Amino acid sequence: MSQSMIEQPNVIYLKDYEVPAFLVEQTELRFELEEDQALVRSQVRYARNPESSNRQHPLLLDGHESLELQRLSIDGEVLSEKDYRRVGEQLSIPNLPDHFTLECITRIEPQNNTALEGLYKSDGMFCTQCEAEGFRRITFYQDRPDVMALFETIVVADKQRYPVLLSNGNMVDAGDEDDGRHWVKWQDPFPKPAYLFALVAGDLECIDDRFTTASGRHVSLKIFAETKDLDKLDYAMTSLKQSMKWDEEVYGREYDLDIFMIVAVDFFNMGAMENKGLNIFNTSCVLAHPETTVDAGFQRVEAVVAHEYFHNWSGNRVTCRDWFQLSLKEGFTVFRDSQFSADMNSPTVKRIEDVALLRTAQFAEDAGPMAHPVRPASFIEISNFYTLTIYEKGCEVVRMLHTLLGAETFRKGSDLYFDRHDGQAVTTDDFVQAMADVSGRDLSRFKLWYSQSGTPQVSVTGEYDAEHQRYTLHMRQSCPATADMATKQPFLIPVAVGLLDAQGDDIPLTGGQTTEVLECVAAEQSFVFDNITVEPTPSLLRDFSAPVKLRFPYSREQLVFLMQHDSDGFNRWDAAQQLAVGIMSELVVDYQQGRTLVLDSALIEAYRQILNDASLDKAMVAKVLTLPSEAYLSELAEVIDVDAIHQVHRFVKDAIATALAPLFLQVYQANTSAEEYSPDATSVARRSLKNLALSYLMTTEQPEYLALALQQFKQADNMTDSQAALTLIAHSGFEAEAAEVLASFYQRWQSESLVVNQWLAVQASDPKPDALARVEALQQHEAYDASNPNKIRSLVSVFCAQNMQNFHNSDGSGYRFLADQIIVLNKQNPQIASRLLTPLTRWKKYSAEQGALMKAELQRINNSGDLSRDVFEVLSKSLAV
Ligand code: B3K
Ligand code: ZN
């Protein structure tokens, strides 16, 4: 056994939760920032927690091993080493009075902090990331979310290098020192846990705006970035103002400070962070400009700005008691930002995109070794739990409450939740209780969604009794065992149902409504509809009313019928997906058995109909005509045959393209516009349909379509069109042109870091067989920086997680490559290392030979020694199953 297996890191359990022994009344911080170190002085006023049962309990402070402790004093009396114990990440001080002030001076080295947690340097500027447990890399503190305090922060730094010094709350004082240094003092009037602390010091500029809240309070809005990026901040500012207004209108939530700031940083482990009054953003989630940002990038900026802003209430004013409750703030906030994006753009398209992500990636997580409930029961490293389950499934759970209670009651519930718990650190039970209280419903069965992992399966059959004009839906639910949990009780599953008559119109159901929400609560249950005069076609799980796998034995004709007539836009799309999945799954078997592939013309005809239907929303057409992804087909497969799925995907796309080329060409031309770029929903829809048409045309590898793509590449005045053409040409078999466009793209955009990331990603996702060699060569390219997470994600992650065909090369080279990366990153940036590991952890879903190769690489990482907690947890769970 390797050493890492012997020194097992601790498992932390929800059931062991205890209130903190001490509460904090006030936290005063002073940062002296220098080039080779930062000195942090904290003065913290503690009071024994009256709710703690042990009155003798020592003060337990969290402090990372990298902290150099320079001074510790209690009420002015310096402590010597015998007065406290420092073991691992904990400092314990016994024999304390009920009230005292602890002063602590630590020395840290932000310039050497490659983990990007705590205080670190990004491109010459100081910034912080404290969620979940980064604050303990700054000073010794009770680094847990249920310890909330008022913060006052003084930042001191060289004035020329760091003219801008920021922290949470309001700026209350500032001054210059004699030695070229200056200082600023910030005060945050709202108590907060340490994970919401933030500091920024840098040579930054900002754009300014103002928002007046519903009650007439003026808020100054500032978005900071490096000077070169100042022209890319307007969209984020517009999104911010829209979010502020939306949260007042839809949730009755006003902003509460006089200033709201966003800072863009280039080195960041995640998308963004909701620090009180001072959000810190990955540049990829805040910068947007037509020339450098694709449509999806604009939408991401809008969504992430909204998400972080919404956290001001769902997360900051009401926060989590402990990290097991992470989805309390994340699931709810994702739900809020998804409602916002739906309101700003097309609700159906937003729903389709969210569900596609959930079904491909979250369902796969449920089926893998890291499966966990929305409220996990245990963890080793909390950073490993910023997952699709916590965020996306957590959002679905909140959405189900919204569906079950209705918008109005749900709003009453959220009002009650915010009022009741303002300024508190609470649990998902508290959230559900507020919903139960306003609705008068017993939601105890519903709460299983928080405590049970896994994706429930619902098998539905229909039975029509013509004599009694009665239609019955029989439902059976079950939930497969997951890596963490063998058996599950039945969930409360809201199944939104409509019944279509022979013309495709909705049959009125109870109370005349066209959609009824059935509540499936038992393993087997039947639902009867009376007065149904013709045998209907059921439309099930409308708008994806629950995060389940629902099966109904539809014929292909019925799916085409639903595609054409369902009044539920989501289900029209889903019918198309089901039709394609059915056909492609059969073709995978044909391919495996060496049979000639023949495409069922039903799919081609259905696509033809959609292309010819001018009444349809273009964004919807583009979605409906997008084949199920290889990743989704893989998730659905019992055993993933990467090659078969890839070949079938290509074959089907090519067959459709060949049959419908003239139509695609018409669509392409009809949607080419000379209008100035705008990221509004209608223009986005038009471009998405146009570029989808181009992608079908390019599949045929005909030179005339290559000419079209080249023309688009050369003439595009926006990144959406330019990048779409680049990708199609670069991934095509026209190798000379591919090399040419890649070179010219780099030439033009080399000074735009985010565009260079796209350029890396296009090459990393190239299905041609030399992709790995290319990726390895690009790691040596001047544009690559192995310490920048955005570069790692664009190159390494895209190759390993999205280039299925090449990553899973049967010679194991993709796996070896990834393991080599992890071994290096494990020391440098454990969070990124552990995230990157995901594709290898799914080894059980592949053939025995493939799986053995993957497992061997996991073992090699395991034997490489000195594993971070992050990597250890993922590895040990992956190797245990
Ligand atoms: N709350 C942050 C996530 C921080 C994760 C740190 N490992 C971003 C967000 O969900 O809004
Ligand atoms: Zn969040």
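Yes/no matrix, rows are residues, columns are (1) closer than 22 Å to residue 570 by Cα; (2) within 16 Å of ligand 1 (Cβ to nearest atom); (3) at pLDDT 95 or above; (4) touching a Cys at 6+ places or on another chain (Cβ under 9 Å):
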residue: 288; (1), (2), (3), (4): no, no, yes, no
residue: 296; (1), (2), (3), (4): yes, no, yes, no
residue: 304; (1), (2), (3), (4): no, yes, yes, yes
residue: 318; (1), (2), (3), (4): no, yes, yes, no
residue: 326; (1), (2), (3), (4): no, yes, yes, yes
residue: 343; (1), (2), (3), (4): yes, no, yes, no
residue: 349; (1), (2), (3), (4): yes, no, yes, no
residue: 352; (1), (2), (3), (4): yes, no, yes, no
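When residue 111 is tested against (1) out of contact with any helix residue (DSSP H, G or I) (no Cβ under 8 Å at 6 or more places or on another chain); (2) under 23 Å from residue 184 (Cα atoms); (3) crowded, with 22+ Cβ neighbours inside 10 Å, exactly one condition is not met: (3). Of all residues being away from ligand 2 (no atom under 16 Å from the Cβ) and over 15 Å from the mean Cα position of the chain (by Cα) in the range 326-350, which is surrounded by the fewest Cβ atoms within 10 Å (Cβ to Cβ)? Just the residue, please. Across the range 326-350, the extreme among qualifying residues is 343.
Criterion applied to 412, 393 was being in contact with a Pro (Cβ under 8 Å, 6 or more places away or on another chain), more than 13 Å from ligand 2 (Cβ to nearest atom) and part of a helix (DSSP H, G or I), and the one residue passing it is 393.
When 189, 94, 145, 163 are checked against the criterion of being more than 27 Å from residue 77 (Cα to Cα) and either assigned by TED's automatic domain parsing to the domain that holds residue 242 or without any contact (Cβ under 8 Å) to a residue 60 or more places away in the chain (or both), 163 stands alone in meeting it.
Among the strands (runs of 3 or more DSSP E) confined wholly to the range 59-141, which include 3 or more residues that are closer than 25 Å to residue 326 by Cα? Steps first, answer last, please.
Details: elements: 59-62, 68-74, 85-87, 90-93, 99-108, 118-122, 125-129.
Ranges flagged: 59-62, 118-122, 125-129.
With respect to being closer than 21 Å to residue 870 by Cα and either surrounded by 20 or more Cβ atoms within 10 Å (Cβ to Cβ) or modelled with pLDDT under 95 (or both), residue 806 falls outside the description. For residue 256, the stated conditions do not hold, so it cannot be described as away from ligand 2 (no atom under 16 Å from the Cβ) and either at pLDDT below 95 or in a helix (DSSP H, G or I) (or both).
Among residues of the range 368-384 that are closer than 13 Å to residue 483 by Cα, those with a Cβ under 6 angstrom from a residue that is among the charged types (D, E, K, R) and surrounded by fewer than 23 Cβ atoms within 10 Å (Cβ to Cβ), sequence gap 6+ or separate chain, pair up as 368/842; 369/877; 370/877; 371/484; 372/484.
To keep it simple, each residue is scored yes or no on (1) among the acidic types (Asp, Glu); (2) modelled with pLDDT under 95; (3) assigned to a loop (DSSP other than H, G, I, E, B).
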position	(1), (2), (3)
419	yes, no, no
432	no, no, no
438	no, no, no
446	no, no, yes
449	no, no, no
454	no, no, yes
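For the range 302-314, a residue qualifies if it is surrounded by fewer than 24 Cβ atoms within 10 Å (Cβ to Cβ) and either under 29 Å from residue 380 (Cα atoms) or more than 15 Å from ligand 2 (Cβ to nearest atom) (or both), and exactly one does: 304. The listed residues are 53, 80, and the only one of them that is under 19 Å from residue 16 (Cα atoms) and surrounded by fewer than 10 Cβ atoms within 10 Å (Cβ to Cβ) turns out to be 53. A single member of 62, 75, 16 is exposed (fewer than 14 other Cβ atoms within 10 Å of the Cβ), under 36 Å from the mean Cα position of the chain (by Cα) and acidic (Asp, Glu), and it is 16.
For residue 597, the conditions (1) part of a helix (DSSP H, G or I); (2) without any contact (Cβ under 8 Å) to a residue 60 or more places away in the chain are fulfilled apart from (1). Here residue 230 qualifies as surrounded by fewer than 22 Cβ atoms within 10 Å (Cβ to Cβ), under 19 Å from residue 205 (Cα atoms) and not assigned by TED's automatic domain parsing to the domain that holds residue 373. Scanning the range 321-356 for residues that are touching a residue at least 40 places away in the same chain (Cβ under 8 Å), among the basic types (Lys, Arg) and closer than 21 Å to residue 411 by Cα yields 336, 351. Of all residues in the range 460-508, exactly one satisfies the criterion of being part of a strand (DSSP E or B), aromatic (Phe, Trp, Tyr) and either surrounded by 18 or more Cβ atoms within 10 Å (Cβ to Cβ) or free of Cβ contacts under 8 Å to residues at least 60 places away in the same chain (or both), namely 471. Among the residues examined, residue 137 qualifies as surrounded by 15 or more Cβ atoms within 10 Å (Cβ to Cβ) and within 16 Å of ligand 1 (Cβ to nearest atom).
The values are calculated or read from the model by the stated rules, or taken from the named source; none is laboratory data. None of these values were measured; they are calculated from a predicted model. So basically every Cβ, Gly included, is an ideal-geometry build from the backbone, and we count neighbours across all protein chains shown.
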